[in-house]
Amino acid sequence: MVIGTQNAGSAEAFLAGGGVLGAIIAGFDWSRTPLGPIVFWPTSIKTTVGLILRSPVPIVTLWGEAGIMIYNDAYSEFAGGRHPELLGSEVRKGWPEVADFNDNVMKVGLSGGTLSYQDQELALQRRGVLEPVWMNLDYSPVIGEGGKPIGIIAIVVETTERVKMERQLRANEARLKFLDQLSKATAAERDADAVMKVTTRMTGEHLGVSNCAYADMDEDQDGFTIRGDWAAPGAMHILGHYSLADFGKRAVNDLHAGRPLIINDNLRELAPEEAATFQSIGISSTICMPLVKEGRLTALMAIHHKDPHVWTADELALLAEVTERSWAHIERVRAEAETLRAEQEYRQKLAREVADRTADFQQSEKNLRTVFETSYLNQGLLTVDGMIVYVNATSLAAIDRRLEDVVGMDYADSPWFENSPGVRDKVRDGIARAAAGEHVQMSMALDLPKGRRLYEFSMRPALDEAGNVVALVPESVEITARVRAEEALQQAIKLEAIGNLTGGIAHDFNNLLMAVLGSLELLRKRMPADPALLRLVDNASEGARRGKSLTERMLAFARKQDLKPERVDLGELIGGMADLMARALGPTISVNIETDRNLPAVEIDPNQLEAAILNLAVNARDAMNGEGPIVIGARRANGGELQGRLKPGPYVVLTMSDAGAGMDDATLRRATEPFFTTKGIGKGTGLGLSMVHGLAEQSGGTLILHSTVGVGTTAEIWLPAVAAAPRASLTGDVQQPGLPVPMEMASRLNILAVDDDPLVLMNTVEMLEDMGHAVVGASSARQALEQFKSATFDLIITDHAMPHTTGAQLVKELRTLRPDLPIILATGYAELPAEAEIDVMRLRKPYSQADLVEAVARSRFGVASSLV
């Protein structure tokens, strides 16, 4: 039904001054919609549209029963990637994910009713993925010339950021409330086991886990005893004595290094024998916090789920804080118990012999000092005006000073804060506030002789019996490890998500390149020999091949590239690249090679490593504006030097240093992210370092970057060392093993080609027919099975990633029908899922006709291998 009728006057005058959307609406073909051309629109529609176009508030109007959408500039920003396709569309089709919600809006509005929602949550797809969005929504009917509603005007104000902030605030309030409740519940306890019994129960119930437990380590640093635990209904208690080694190398390495052990699903993340230890006591997921004192692992506290569970940063932070507070409380309880014991002994001695009162008092004072000195807290005592009276050994160790060096100093000007001027002012303000009777708390980052450290700091007044402030007590606890653990967890989640997305995009892009490259190859063979036309085809082919190179880099970052590892002598490989780098980098770059002698071999794909080295060299050249020295080296190292980033053991480190501009800390942190580049537009893809990073990690190592602004950058590729073995020279021709492969088949074959992508399928069929074969195409595994049962085929070529039934599953079904049938499995991924690993030739997408000729020939000769 067309709403509009003929209306005299300028059809588009009401759109003047309507911003970008006004111009778009004026140029839109409205005859394709129930509204009809603008000249037929009634005054009510023109007036309403004219008003919303001049409003800074996001507004959309829905016209007629179909809800044809017209909106303003502010709403187009809200719509994100859905704009401009939403303009002129039916609201149900424009936002299909909330069709039911909008159906109700249309029903109520066209009946003359209004609707209003505050912080309404809807899942919208504005940037390619569904995301939760919160909005304030107000809907009112628009009355037409006939006195009845002909449309709806909707005011849309997004409140997502405010809602998220409020939820985070509530979460923080809940955490602080729980910690306050826990402190009150354990405040009166004077027994360590009693403290932990209350703590494990309250923590387990608050987090909703299956089990919460604590344990003491044995002297051998392997055995440990779980002395107390809380178990949810239906979960088993895990009290007893265990060996840490039985829980796997990861548990041993992380906990002895003072890092929390975080496992989301032990069956997926650990070796079967290691996971079995957890499973035997009903555990599938774990966070375990270590207590390390003087370099020794002394105690553990953990939470567990009987099912797999992805732990959040909030859960990790809460357990870390509960653990710190609990162990601090236990230390205080034990100190108080020791003090009480000393006092009781003192009274007994006093009753027996008055002469020993002085000695007993001195012993008691010594015990109290010992408790103070051995506390993991940084503690001190100040005068009311902030002069240092005393600080404990923990505080002094942080600045490598003695007590006599700091007594009498102004605390705010003391060595703890001399390199942190911003913090110094806050401490001076805290002294004044504490002297006035206030309990001051703050977080701070201090630049100390041992590096930057993070602390939770407090300062409280000490009062006499009359309530007067007579001294100040500063206390702090280091939280560096906890903060770094939270940051490491977030970075791991981020890189995993980026890797999965990048690998998926590369796979889909390979299918597109498959159709482009194959079609261009056939087109070049069949078109007239016109040099101008051939140049155009060759240019298009070269562009597609560059796209293929880009997908290989994306797969490298995602650690899904197809590697062919060999034992490689890094010294020989680097030396063999000298001429290549000299030509690639130009005469103004000097390359110096400094490798240790008799280096152990590494196992890596030599071609990919050469590409990575050349990539680093080009980056170094660009960083020096095309002029300066590059130093390439290789040395022995041990993975333990990286403090947990790699497994301990022998490694070979390939280094490349330049004298370029260097990077600041912010740039260095993002350097290996895909598509991040500091080069100008068109001068870099941002995939070079991410490709090197992916290659190193896929080969069992890692990439480390060191950089100083104004000095230069050093890149280190760490690779596991292996026992040396001879291999073919990297500079000569490499003879591949196997049978010789003819480029053309002597006989015509009946081939069944299977691919769910119609472009790829058509391209494959065309190339095979051009080779002289008889080809039948199938767009799914089900259709392929039907074709297979109705005809006789000499060869099957099938895609792997297909819906419903994958190529690997199709291969297994075909092998049950005909075990000797030659089959080629084509895929854009380098690795197949474990359940898809089968003995079949694999052909890497995108492939050319030459690749296809070779694959068909090898399949007929019975050569099972991978072709890239």
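Within segment 36-54, which residues are among the aromatic types (Phe, Trp, Tyr) and either exposed (fewer than 15 other Cβ atoms within 10 Å of the Cβ) or not in a helix (DSSP H, G or I) (or both)?
Selection gives Trp41 alone.
Please go through segment 212-266 and give me each residue that is under 32 Å from the mean Cα position of the chain (by Cα) and β-branched (Val, Ile, Thr), ordered by number.
Those that are under 32 Å from the mean Cα position of the chain (by Cα) and β-branched (Val, Ile, Thr): Val252, Ile262, Ile263.
Pick from segment 559-607 the residues that are open to solvent by 50 Å² or more (accessible area, probe 1.4 Å) and either free of Cβ contacts under 8 Å to residues at least 24 places away in the same chain or in a helix (DSSP H, G or I) (or both): which of them is nearest to Gln698 (Cα to Cα)?
The extreme case among them is Asn607.
Quick one: count up the residues across segment 322-357 that are open to solvent by less than 30 Å² (accessible area, probe 1.4 Å) and within 30 Å of Arg175 (Cβ to Cβ).
Residues meeting the conditions: 8.
Write out, first by first residue and then by second, each pair whose Cβ atoms fall under 8 Å of each other, whose residues are 6+ apart or on separate chains, and whose first residue, in segment 420-437, is of a type outside the set (D, E, K, R) while the second is in a helix (DSSP H, G or I) and buried (at least 16 other Cβ atoms within 10 Å of the Cβ).
Close Cβ pairs satisfying both conditions: Val427/Tyr411; Val427/Ala412; Ile431/Tyr411; Ile431/Ala412.
Only one of these conditions is not met by Lys177: (1) open to solvent by 30 Å² or more (accessible area, probe 1.4 Å); (2) over 29 Å from Gly234 (Cβ atoms). Which number is it?
Evaluating Lys177 over (1) open to solvent by 30 Å² or more (accessible area, probe 1.4 Å); (2) over 29 Å from Gly234 (Cβ atoms) leaves (2) as the failure.
Out of (1) open to solvent by 50 Å² or more (accessible area, probe 1.4 Å); (2) closer than 19 Å to Pro149 by Cα; (3) modelled with pLDDT of 80 or more; (4) β-branched (Val, Ile, Thr), the odd one out for Thr33 is which?
(1)
When you scan segment 235-347 for strands (runs of 3 or more DSSP E) that lie fully inside it, which ones turn up with 3 or more residues that are in contact with a strand residue (DSSP E or B) (Cβ under 7 Å, 6 or more places away or on another chain) and within 22 Å of Glu205 (Cα to Cα)?
Values: elements: 240-243, 261-263, 285-293, 296-305.
Because the criterion is at least 3 residues that are in contact with a strand residue (DSSP E or B) (Cβ under 7 Å, 6 or more places away or on another chain) and within 22 Å of Glu205 (Cα to Cα), the strands (runs of 3 or more DSSP E) in segment 235-347 that meet it are 261-263, 285-293, 296-305.
Restricting to segment 307-336, give me the number of residues that are within 25 Å of the chain's Cα centre (by Cα) and charged (D, E, K, R). Please lay out each step first, then the result.
Keep residues of segment 307-336 that are within 25 Å of the chain's Cα centre (by Cα), which gives 307-321.
Those left that are additionally charged (D, E, K, R): 307, 314-315, 321.
Residues flagged as within 25 Å of the chain's Cα centre (by Cα) and charged (D, E, K, R) within segment 307-336 amount to 4.
Within segment 822-854, can you find the residues that are modelled with pLDDT of 90 or more and part of a loop (DSSP other than H, G, I, E, B)?
Pro822
Among the residues of segment 445-467, is there at least one that is in contact with a Leu (Cβ under 8 Å, 6 or more places away or on another chain), over 30 Å from Trp311 (Cα atoms), open to solvent by 60 Å² or more (accessible area, probe 1.4 Å) and in a strand (DSSP E or B)?
Within segment 445-467 (the criterion being in contact with a Leu (Cβ under 8 Å, 6 or more places away or on another chain), over 30 Å from Trp311 (Cα atoms), open to solvent by 60 Å² or more (accessible area, probe 1.4 Å) and in a strand (DSSP E or B)), the answer is yes, since at least one residue qualifies.
Return the residues of segment 704-718 that are among the hydrophobic types (A, V, I, L, M, F, W, C) and open to solvent by 20 Å² or more (accessible area, probe 1.4 Å); say none if nothing qualifies.
Hits for segment 704-718 are Leu705, Val709, Val711.
For the subset of segment 98-127 comprising residues that are open to solvent by 60 Å² or more (accessible area, probe 1.4 Å) and within 29 Å of the chain's Cα centre (by Cα), which member is nearest to Ile152 (Cα to Cα)?
Result: Glu121.
Is it fair to say Ile68 is modelled with pLDDT of 95 or more, under 13 Å from Ile150 (Cα atoms) and surrounded by 21 or more Cβ atoms within 10 Å (Cβ to Cβ)? Reasoning before the result, please.
Working: modelled with pLDDT of 95 or more: yes; under 13 Å from Ile150 (Cα atoms): yes; surrounded by 21 or more Cβ atoms within 10 Å (Cβ to Cβ): yes.
Yes, satisfied.
Answer yes or no: is there a residue in segment 409-432 that is at pLDDT 90 or above, of a type in the set (Ser, Thr, Tyr) and surrounded by 13 or more Cβ atoms within 10 Å (Cβ to Cβ).
yes
Within segment 389-404, can one find any residue that is open to solvent by 20 Å² or more (accessible area, probe 1.4 Å), part of a strand (DSSP E or B), in contact with a strand residue (DSSP E or B) (Cβ under 6 Å, 6 or more places away or on another chain) and under 28 Å from Ala335 (Cα atoms)?
yes
What about Val57, is it exposed (fewer than 14 other Cβ atoms within 10 Å of the Cβ) and either on the phi < 0 side of the Ramachandran plot or within 33 Å of the chain's Cα centre (by Cα) (or both)?
So Val57 passes the test.
On the basis of being closer than 30 Å to Ala335 by Cβ and hydrophobic (A, V, I, L, M, F, W, C), does Met165 make the cut?
Values: closer than 30 Å to Ala335 by Cβ: no; hydrophobic (A, V, I, L, M, F, W, C): yes.
No; evaluated as a whole, the condition is false for this residue.
Please verify whether segment 364-380 includes one or more residues that are modelled with pLDDT of 90 or more, closer than 22 Å to Leu463 by Cβ and open to solvent by less than 40 Å² (accessible area, probe 1.4 Å).
Within segment 364-380 (the criterion being modelled with pLDDT of 90 or more, closer than 22 Å to Leu463 by Cβ and open to solvent by less than 40 Å² (accessible area, probe 1.4 Å)), the answer is no, since none of the residues qualifies.
Since Gly94 meets every condition but one in (1) closer than 30 Å to Glu324 by Cβ; (2) small (Gly, Ala, Ser); (3) touching a strand residue (DSSP E or B) at 6+ places or on another chain (Cβ under 9 Å), which condition does it not meet?
The one condition Gly94 does not meet is (1).
The values are calculated or read from the model by the stated rules, or taken from the named source; none is laboratory data. These figures come from a predicted structure and were not determined experimentally. Quick reminder, even Gly has a Cβ in these numbers, built from the backbone with ideal geometry, and neighbours come from all protein chains shown. We work out accessible area using only protein heavy atoms, side chains counted, and drop any ligands, DNA or RNA first. Shrake-Rupley method; radii C 1.70, N 1.55, O 1.52, S 1.80 Å.
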